[in-house]
Amino acid sequence: MLPDSALPARSLRPGVSVARTLIAPTAPVTLRSPAAAVMTDLTEVRAVTIDPTTTLQQAEQYMAHQRVHMLFVVNDMPSLQGLVTTTDLRGDRVMRAVRERKLHYDDLCVADAMTPLSMLDAIDFDRLKAARVSNVVATLRRHGRNHLLVIEAASNAQSERVRGVISRAQVERQLGTVIEASGLARDLAEIEQALS
């Protein structure tokens, strides 16, 4: 074929379908599995981000479109400001802002609902590599969080970064069981939420 020649084109017939991504079967996850088996690795899966000034309604639509329940909040990519989840969008913080600031839901933005960086829990990637899923479950129980960030240490080429995220819901799906928060963690989370 000559470098400038056009490729032959043809009409499509009824019944043609769209190719789907093939997800390779993975081994079942157990408490003894490597902890990395329950981490979403952001070097393999693109992080879904949103600007803190985006309205909550737009954020909801974006989550539905992207088929995710959590967004990384960034205003200067790749600088992380916090996380926002589907639960946050209709949570106590939003309802309090509506009531106290006398605003409508449509007037609020992601910054009003997100969990700021200072309130997020993270674990080191190097420690995670040596851990088991049972360690992740114990961490989720102790902290009473729905998400844990996995932080990769700074290297010569780059600064510290979020390497992955662990979602309680994903771990529960992979294990086929519910992870209950410890009583202390749940009580502290409720107190923290009441104070914010």
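Points to keep in mind about this one:
- Among the residues of the stretch 70-85, the ones that are surrounded by fewer than 16 Cβ atoms within 10 Å (Cβ to Cβ) and either in contact (Cβ under 8 Å) with a residue 12 or more places away in the chain or charged (D, E, K, R) (or both) come to 4 in all.
- Enumeration of residues in the stretch 150-162 that are assigned to a strand (DSSP E or B) and either surrounded by fewer than 20 Cβ atoms within 10 Å (Cβ to Cβ) or without any contact (Cβ under 8 Å) to a residue 40 or more places away in the chain (or both): Ile151, Glu152, Arg161, Val162
- Residue match in the stretch 63-80 (condition: at pLDDT below 90, of a type in the set (Gly, Ala, Ser) and within 17 Å of the chain's Cα centre (by Cα)): yes
- Residue ID - farthest from Gln158 (Cα to Cα), chosen from residues in the stretch 26-51 that are of a type in the set (A, V, I, L, M, F, W, C) and either under 14 Å from the mean Cα position of the chain (by Cα) or in a strand (DSSP E or B) (or both): Val38
- Residue match in the stretch 31-46 (condition: closer than 17 Å to Gly164 by Cα, among the aliphatic types (A, V, I, L, M) and modelled with pLDDT under 85): no
- Some residue of the stretch 29-36 being hydrophobic (A, V, I, L, M, F, W, C) and farther than 30 Å from Leu175 by Cα: no
- One residue from Asp92, Asp88, Asp112 being of a type in the set (Asp, Glu), surrounded by 18 or more Cβ atoms within 10 Å (Cβ to Cβ) and within 23 Å of Ala181 (Cβ to Cβ): Asp88
- Candidates Arg46, Arg13, Arg20, filtered to the one that is surrounded by fewer than 10 Cβ atoms within 10 Å (Cβ to Cβ) and closer than 21 Å to Asn146 by Cα: Arg46
- Qualifying residue in the stretch 131-142 (condition: over 16 Å from the mean Cα position of the chain (by Cα), in contact (Cβ under 8 Å) with a residue 60 or more places away in the chain and assigned to a loop (DSSP other than H, G, I, E, B)): yes
- Residues in the stretch 7-25 include none that are touching a residue at least 12 places away in the same chain (Cβ under 8 Å), part of a loop (DSSP other than H, G, I, E, B) and farther than 30 Å from Val137 by Cα.
The values are calculated or read from the model by the stated rules, or taken from the named source; none is laboratory data. The model shown is predicted, which means the values in this text are computed figures rather than measured ones. Glycine also receives a Cβ, built like all others from the backbone with ideal geometry; neighbour counts cover every protein chain displayed.
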